[in-house]
Amino acid sequence: MPSYTFRNKETGEVTDEFCSLAERQEKLDSGKYEQIIGRPEIISMRGDAISKTSGDYRDLLKRIKKGAGKGNTIKV
């Protein structure tokens with residue numbers, strides 16, 4: 001979910017909030033807040049896909065890599 005930075009027009013307080021696009025629009029439509037334009041940050045899964053897979057899948061990749069020859073780019 002994206003994070004947005006808002007400034008309260010009355011108090012000047014700046015806050016970062018996680019909210020959906022619809023919730024963001026509601027907050028802006030209320031007239032109390034303005035958005036400080038920045039890049040929204042998306043929180044997502046960290047790490048690579050191989051480290052999150054089962055051992056069976058990694059064994060399969062090793063067999064494929066072994067049979068693919070020297071110039072392959074398969075990472076195990």
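Read-outs: derived from the displayed coordinates by stated rules, not from any lab. Just so we're clear, the structure is a prediction, and the values are computed from it rather than from any experiment. Here the Cβ positions follow ideal geometry from the backbone for every residue, glycine too, while neighbour counts run over all protein chains shown.
Remark on S3: its backbone amide H falls under 5 Å from those of E41, a criterion applied only to residues 5 or more positions apart or on other chains, H modelled at 1.01 Å from N. In a fully extended conformation the segment linking N8 and L28 would gain 6.2 nm over its present Cα-Cα distance, using 0.36 nm per residue. Computed from label points 7 Å out along Cα-Cβ, the spacing between A68 and S20 is 4.0 nm.
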